[in-house]
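Read the structure below first, then the notes.
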Amino acid sequence: MHIRRWTRHSRSMVKRLSPMIAISALVLAMAAVVAGQLDPSPHLDPVALSISEYAAQERGVLTEFALAMLGLASLALLAGLKAASAPIDGWPERLILLWSLTLLGVAAIPWARAQDYLVAVAFLALPVATAQLAGRFGDHDEWRPVARTLEWLTLLAGLGLAAVTYAALPGRGVLIGVAERGLLLVEFALVASISWQLLRVGLMTTITTVPGVVRQPVADPTQNATSEPVSRHAHAA
């Protein structure tokens, strides 16, 4: 009995804390990106260099830090979705985990060639996962508000993947930096949108479980309109 209660309490804590951890890590990642743009390396061109090339040649560690924070945010998001019993079982869960670990790998591995492969895997994994989640979330009331956002962002991510593929292969690397950073921005938005919805779900759960707070049933206006004349007739009779 105590073990079951402790497990339920732990899941509730993870459900509430994980979106805050994810959003905090996303803010740190964005701050690192902005700081890198304010003080860029003068000998590096972010337009012509891929993310992995830029990270390997960068004099600081801001790019690696931003990718590590994005990977950490995604791991926290995955834990929160599991605790909230979100419909992520199967391939979406595996692909989000793959996306998270590959980002952490890019941040930890210093070799540009290995980073290239990991970035390619990460870029592909998340849109495939969110394409499945958009349909699943649409079938659940708690997650339906974010389903349409996921659809549009996943579509943009697909276009970004096409742009990156063209820039890397027939384009011979021209504007590869712009294509990859644009795609990464879209995938950042994907993680942020799901994290925000997870935060909303956690807040609603907290509100509805506060002692003394009772959710009142919503009255059906159609039922009230049809029942009122009947009650008057009954009193007249």
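Read-outs: derived from the displayed coordinates by stated rules, not from any lab. If you're wondering where the values come from, they're calculated on a predicted model, not measured in any experiment. We place every Cβ from the backbone using ideal geometry, glycine too, and count neighbours over all the protein chains shown.
Structure values in brief
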{"quantity": "Selection count, the stretch 20-66, where residues are under 14 Å from the mean Cα position of the chain (by Cα) and free of Cβ contacts under 8 Å to residues at least 60 places away in the same chain", "calculated": "4"}
{"quantity": "Within the stretch 136-146, tally of residues that are in a helix (DSSP H, G or I) and loosely packed, with under 14 Cβ neighbours inside 10 Å", "calculated": "1"}
{"quantity": "Residue identified as within 19 Å of P19 (Cα to Cα) and either of a type outside the set (K, R) or assigned to a helix (DSSP H, G or I) (or both) among L124, L153, L103", "calculated": "L103"}
{"quantity": "Complete set of residues in the stretch 31-51 that are surrounded by fewer than 16 Cβ atoms within 10 Å (Cβ to Cβ) and assigned to a helix (DSSP H, G or I)", "calculated": "A31, V34, A35, Q37, L38"}
{"quantity": "Matching residues in the stretch 160-180 - criterion: being among the hydrophobic types (A, V, I, L, M, F, W, C) and part of a helix (DSSP H, G or I)", "calculated": "L161, A162, A163, V164, A167, A168, I176, V178, A179"}
{"quantity": "Residue check for R113: basic (K, R), out of contact with any strand residue (DSSP E or B) (no Cβ under 9 Å at 6 or more places or on another chain) and outside any helix (DSSP H, G or I)", "calculated": "no"}
{"quantity": "Matching residues in the stretch 161-192 - criterion: being within 26 Å of I88 (Cβ to Cβ), among the aliphatic types (A, V, I, L, M) and touching a Gly at 6+ places or on another chain (Cβ under 9 Å)", "calculated": "V164, L183, L184, L185, V186"}
